[in-house]
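Q: What follows is a single structure, and I will ask about it in a moment.
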Amino acid sequence: MAESLIAASVPERADAAVQRDAKLRHVVESQQFTVPLLMELFDRTAGMERVVARGGSLDFRSKIMATLFYAPSTRTRFSFEAAMHRLGGSVLSTEHAHAFSSAVEGEQLEDTIRIIGGYCDVIVLRPVEEGGAKRAAQVSPVPLINAGDGDGGQHPTQALLDLYTIFRERPLNGLRVAIIGELDRGRTARSLAYLLAKFDRVKLFFVSPPELRMRRDILDYLDEHDIDYEIEQEIDRVIGEVDVVYQTRIHPDRASNAEMVRRYAIDSSVLQRMKSDALILHPLPRTVELDRSVDDDPRAMYFRQARNGLFVRMALLTMLLE
Ligand code: CP
């Protein structure tokens, strides 16, 4: 893996050196990341894989991270917390923050952030409402990381680990990517589209039922940045020609019927129509849209993708806290 990582990043490393002073303060949305910043993050991420293999470090033993989750999470919260532990730091945590914090008493998010920011060095926040992370960052005295805001907001650290997973396998320039599912409210799909738009000759295929299609703000951004894209309703129109299949859930309450969800599912028959070297990603959790028969296929990347979340989030913490 290290060889392909170096080969893929060499041309962009020079740029990274020039712009290394473009320091991150908060991580709220994917558009914040330039290609040089992404390459710096990915260099650090490769280093974090080695740190974990050695059993971790004690570099952050004086650092404290607070994770404040108003909405449920398995991967994002656990991987951030594992990341801080692997770096030698400490974690203050609440999930169900709407019930297990003073939100119960009606405390506003801004006040909570100001208070918690006085106790820690970085806050990882999953608010319920879209735009909640931006509001929180505006008042946070310490770096604040958006761990996924609302249904139609963004999930930038998910997109970073998605992109890293692709980057380990493929050059990012020239990629053809199908993003499938409930795209209008898909915060992972939205954040990934913004990141992919940073690269040359990328082509995106947004595949969804018409009523769940990608929202105009993303399409406008792609238009402004001269990124080629197509809106499709049928998986079969694109599945054989893409390098990456990014599958996402369609929540049952958004589907008109079970047949709609099945039409967008990936199973062994869809596998047969994909390129032999395509990559299959999914932010997880999954339901029926990604059949378990896909798991043993060498193109299935989603468990590795979730594992990469640990390394990427470690690297991100070092960029914010060093
Ligand atoms: N992909 C993702 O955000 O998963 P969690 O909701 O489990 O954090």
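Just so it is clear, none of the values below were taken in a lab; they were calculated from the coordinates. Just so it is clear, the model here is predicted, and its values are computed rather than measured. Methodologically, a virtual Cβ is constructed for each residue, glycine included, from the backbone with ideal geometry; neighbour enumeration extends over all protein chains shown.
Q: Which whole-number percent gives the relative contact order of the chain, counting Cα pairs below 8 Å spaced six or more residues apart?
A: Across the chain, relative contact order equals 18 percent.
Q: Related question: Using the Cα centre as the reference, give the magnitude of the dipole from point charges on the C-beta atoms of the chain (Lys, Arg: +1; Asp, Glu: -1; all else neutral), rounded to the nearest 20 debye.
A: Roughly 840 debye for the chain.
Q: In the chain, if the dipole is taken from +1 on Lys/Arg beta carbons and -1 on Asp/Glu beta carbons about the Cα centre, which of 70, 89, 158 is farthest to the positive end?
A: Most positive-ward Cα: 89.
Q: Right, something else. Starting from the amide H of residue 122, placed 1.01 Å from N in the peptide plane, find each other amide H under 5 Å away whose residue is 5 or more places distant or on another chain.
A: Amide H neighbours of residue 122: 64, 66.
Q: Next up: Please work out the FRET efficiency for the pair residue 138 and residue 260, using the Cβ-Cβ distance as r and a Förster radius of 30 Å; give the result to the nearest 0.05.
A: 0.15
Q: Also: Could you tell me the number of lysine pairs in the chain with C-alpha atoms less than 22 Å from each other, where the two lysines are 8 or more residues apart or belong to different chains?
A: 5
Q: Expressed in nm to one decimal, what extension gain is obtained for the pair residue 273 and residue 253 from 0.36 nm per residue of sequence separation less their Cα-Cα distance?
A: 4.3 nm
Q: Next question, about the same structure. For an R0 of 41 angstrom, estimate the FRET efficiency from the Cβ-Cβ distance between residue 64 and residue 200 and round to the nearest 0.05.
A: Calculated value: 0.50.
Q: Something else: Taking θ = phi - 60°, what integer Hz values does the Karplus form 6.51 cos²θ - 1.76 cosθ + 1.60 yield along segment 299-308, in sequence order, with x for Gly and Pro?
A: 7, 6, 10, 5, 6, 5, 4, 5, 5, 4
Q: When ranked by the protection proxy of mean other Cβ atoms within 10 Å per residue, highest first, what sequence do the peptides 45-54, 96-105 form?
A: Output ranking for 45-54, 96-105: 45-54, 96-105.
Q: Under a crude label model (7 Å from the Cα following the beta-carbon direction), how far is residue 297 from residue 107 in nanometres?
A: It is 4.7 nm.
Q: Using a 10 angstrom cutoff on alpha carbons, build the Gaussian network for the chain and name the most mobile of 90, 256, 30.
A: Result: 256 has the largest fluctuation of those listed.
Q: Scan around residue 279 for amide H atoms under 5 Å from its own, H built in the peptide plane at 1.01 Å from N, and keep only partners 5 or more places away or cross-chain.
A: Close amide H contacts, sequence-distant or interchain: 244, 245.
Q: For the chain, evaluate the Debye formula with one uniform point scatterer on each Cα (no solvent term) and list log10 I(q)/I(0) at q = 0.09, 0.11, 0.12, 0.16 Å⁻¹, rounded to two decimals.
A: -0.45, -0.68, -0.82, -1.42
Q: According to the square roots a ≥ b ≥ c of the eigenvalues of the Cα gyration tensor, what is the shape class of segment 170-300, taking rounded for a/c under 1.5, prolate for a/b larger than b/c otherwise, and oblate for the remainder?
A: It comes out oblate by the Cα gyration axes.
Q: While we're on this one: If contacts are Cα pairs under 8 angstrom and at least 6 residues apart, what is the relative contact order of segment 170-300 in percent?
A: 26 percent
Q: Also, quick follow-up: Residue by residue through segment 182-187, which ³J(HN,Hα) values in whole Hz follow from phi under the Karplus form 6.51 cos²θ - 1.76 cosθ + 1.60 (θ = phi - 60°), with glycine and proline marked x?
A: Rounded to whole hertz, the list is 8, 7, 5, 10, x, 5.
Q: Using alpha carbons only, how many angstrom separate the centre of segment 180-258 from the centre of segment 98-131?
A: That distance is 31 Å.
Q: Okay, next question. Using a Förster distance of 35 angstrom, determine the FRET efficiency expected from the C-beta separation of residue 100 and residue 223, and round it to 0.05.
A: Calculated value: 0.20.
Q: To continue, here is another question. Tell me which residues come under 5 Å, amide H to amide H, from residue 266 once H is placed; ignore anything under 5 positions away on its chain.
A: 290, 291
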